[in-house]
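Below: the structure, in structure tokens.
The values are calculated or read from the model by the stated rules, or taken from the named source; none is laboratory data. The structure presented is a predicted model; accordingly, all values stated were derived computationally and were not measured. Positions of Cβ are backbone-derived with ideal geometry, glycine not excepted, and every protein chain shown enters the neighbour counts. Please note that ligands, DNA and RNA were not included when accessible areas were found on the heavy atoms of the full protein model with its side chains. Shrake-Rupley method; radii C 1.70, N 1.55, O 1.52, S 1.80 Å.
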Amino acid sequence: MAYTVQDMRQGPEGYAWSRFGLPEYTDWMDESLSWKKSCYIGDWSFLWQHRFTGPDALKLIADFTVNSFETFEIGQSKHAIHTNKDGKVIHEGVLTKFGEEDFMVHGRGGYWLSFNLRHGDYDAQVTRDDWFMYQVSGPRAIKVLESLTDAEVLLSAKFMHAVPVRIAGHDIFALRQGMAGELGFELQGPKEFGEDVYQAVLEAGREHHIRKMGGRIAMINHLEASYPTIASDYIPAIFDEDMADYMDYFLTSMPSFAQPAYIAGSFEGRDPSEYYRSPVELGWAKVVTTRRSDYLGAGALAAEKSNPRRVLRTLEWNAEDVAAVQNSLLGEGEHYDFMEMPRDQRGYMWCDRIEVDGALVGTATSRGYSYFFRKMLSLATVNVEHAEIGTRVSVIWGAPGHPQKPIRAVVRPAPYKEDRSRGELRTAS
């Protein structure tokens, strides 16, 4: 089936972020402070897991992944990015090496690799696993976790390495990472252990004011810490004619009523490819290796990395202009499109024009309200010549054909929030 931009402007059924659990557990403002003042537990168990094994498993992965594999230790995880021939992101997620011929892919990338395994000549196998994935992050996270397991194992963990731990009587893994820009681990293991582990973390976290992360603010930490997300900041580069077979294969994994992407906002792209993004545009240039040219998209990415046209930034939206959008709903006559607080819940790539003197200079995505900073923020893929910190731009709010309002904004760094994820664990404990 061919999808058009107009097709993707039709809203999804339900709220995409309900996959995180309830919308709120205490309330979204309280929960949004947890990764700065205490800690949270968030449920990412909805992500897919594919396990690749066999002598050619790593070769398969390397052929369709932009990362370097010159060093890849057992227990190490990588942010694995898969691109098309033009260097645009198809999928990305976390890849962990559990053995010399044993690799786990968390996220949509497992489907792309499985498709290429089926159509290639590789001595490898793939199986589907069903794991729980609980992020425990924030200033008090280490205190919580070291009370549950062997503290020395945790405190010795290197960043983006999964260490074996025992929690609630179950042998699982703790991946040191920092999606909230704070110290934290992602607890991973077979789904049947999940409830025991979840309740054990909650009980241990009670004295540390742990919060359950609800769906309304689950993606605000991605915004503050600058983690672009599929379907929010780019659509997968799978809508081209040469990807038709993969599109059919991928759609078998989705509910019958769903489609691969939904689009909203003032940016009026004519073709789905205008909503694709490269790893360089999403702030992931350091992940892209140029030491080998044998993976899909290598040539395009090498050229872009040496001479980038657009880069990732954060935008601060002007409070008075945001208030004018909200206030328009309280008067008679025309009003502007509703600006969800704290951010869109339906799973759109909400993509808005960024202008300077009326000219398009980039697009804003992941617009959301940070209660901690008391700011309306967004990520922004912006032309290099307009990316200097402090540059003043306008974001156009309102869908094509609807009343539109230019909102003043200022270019800020990405990440917006100070990144503490690689800090010293022993000091925190």
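Using the Cβ-Cβ distance between residue 18 and residue 291 with R0 set to 30 Å, the FRET efficiency from 1/(1 + (r/R0)^6) comes to roughly 0.10. Accessible area per residue for the chain, computed on protein heavy atoms with a 1.4 Å probe, is 42 Å². Backbone amide hydrogens, once placed in the peptide plane, bring residue 133 within less than 5 Å of 44, 45, excluding anything fewer than 5 places away on its chain. Of the trypsin sites (Lys or Arg not before Pro) in the range 137-242, the ones in a loop by DSSP (not H, G, I, E or B) with at most 16 other beta carbons within 10 Å are 158. Within the shell defined by Cβ-Cβ distances under 13 Å, the residues around residue 212 carry a net charge of -3, with Lys and Arg each +1 and Asp and Glu each -1. Note on residue 248 and residue 302: their simple-model spin labels are 3.4 nm apart, each label 7 Å out from Cα toward Cβ.
Please report the net charge: other residues with Cβ closer than 15 Å to the Cβ of residue 54, K and R +1, D and E -1. Net local charge, residue 54 excluded: -3.
Leaving out ligands, DNA and RNA, what percent of the accessible area of the range 77-153 is carbon and sulfur, probe 1.4 Å? Answer for the range 77-153: carbon and sulfur cover 44 percent of the accessible area. The share of Cα pairs per 10 Å bin across the chain, counted from zero up to the longest distance, runs 4, 21, 31, 28, 13, 2, 0 percent. Under the simplified labelling scheme, the residue 125-residue 384 pair shows an inter-label distance of 4.8 nm, with each label point 7 Å from Cα along Cα→Cβ. With a Cα cut-off of under 24 Å and a minimum spacing of 8 residues unless on different chains, the lysine pairs in the range 1-98 number 6. Here the Karplus curve 6.51 cos²θ - 1.76 cosθ + 1.60, taken at θ = phi - 60°, turns the phi angles of the range 215-230 into couplings of x, 5, 10, 4, 9, 5, 5, 5, 5, 5, 9, 6, 10, x, 10, 4 Hz, with x standing for Gly and Pro. Per-residue Karplus couplings for the range 282-292, computed as 6.51 cos²θ - 1.76 cosθ + 1.60 with θ equal to phi - 60°, are listed in order as 9, x, 10, 4, 5, 6, 6, 8, 10, 7, 9 Hz, Gly and Pro entered as x. Pairs of Cα atoms nearer than 8 Å and 6+ residues apart set the relative contact order; for the chain it is 21 percent.
A cut-off of 5 Å between modelled amide H atoms, ignoring neighbours fewer than 5 places along the same chain, links residue 399 with 337. Distance between the 7 Å Cα→Cβ label points at residue 166 and residue 191: 2.7 nm.
For the range 355-429 and the range 298-346, what is the separation of their C-alpha centers, rounded to whole Å? Their Cα centres are 7 Å away from one another. Between the beta carbons of residue 274 and residue 37, assuming R0 = 60 Å, the FRET efficiency works out to 0.90 to the nearest 0.05. Remark: the residue 202-residue 30 segment gains 60.3 nm on full extension, using 0.36 nm per residue and subtracting the alpha carbon distance.
For the range 275-300, the residues whose amide N sits under 11 Å from a probe point set 7 Å from the Cα of residue 68 along the beta carbon direction are 286-292. Taking every DSSP bridge with both residues inside the chain, close to 95 percent are antiparallel. For the range 293-429, the Cβ-based charge dipole about the Cα centre amounts to some 500 debye (Lys, Arg positive; Asp, Glu negative; other atoms uncharged). Taking max minus min of the alpha-carbon positions on each principal axis, the range 1-94 gives extents of 48, 42, 22 Å, largest first.
What the Cβ-Cβ distance of residue 426 and residue 374 gives, at R0 = 41 Å and to the nearest 0.05, is a FRET efficiency of 0.80. For the range 196-306, the fraction of 1.4 Å probe accessible surface lying on carbon and sulfur atoms is 47 percent.
Mean separation of Cα pairs under 8 Å and 6 or more residues apart, divided by the residue count, gives the range 236-349 a relative contact order of 25 percent.
In the chain, which longest range has no chymotrypsin sites (Phe, Trp or Tyr not before Pro) that are both DSSP loop (not H, G, I, E or B) and surrounded by at most 12 other Cβ atoms within 10 Å? The segment 47-256 is the longest one with no such site.
Annotation for the range 1-91: GluC sites (Glu not before Pro) lying in DSSP loop with at most 12 further Cβ atoms inside 10 Å of their Cβ are 13, 70, 73. Can you give the calculated 222 nm mean residue ellipticity of the chain, where each DSSP H run of n ≥ 4 adds -39,500 (n - 2.57) and the sum is split over every residue, rounded to the nearest 500 deg cm²/dmol? So the calculated ellipticity at 222 nm is -5000 deg cm²/dmol. Applied to the range 32-38, the Karplus parametrisation 6.51 cos²θ - 1.76 cosθ + 1.60 on θ = phi - 60° returns per-residue 3J(HN,Hα) values of 6, 8, 5, 7, 10, 10, 9 Hz, with x for Gly and Pro.
The GNM of the chain, with springs linking C-alpha atoms under 10 angstrom apart, assigns the highest mean-square fluctuation among 345, 326, 76 to 326.
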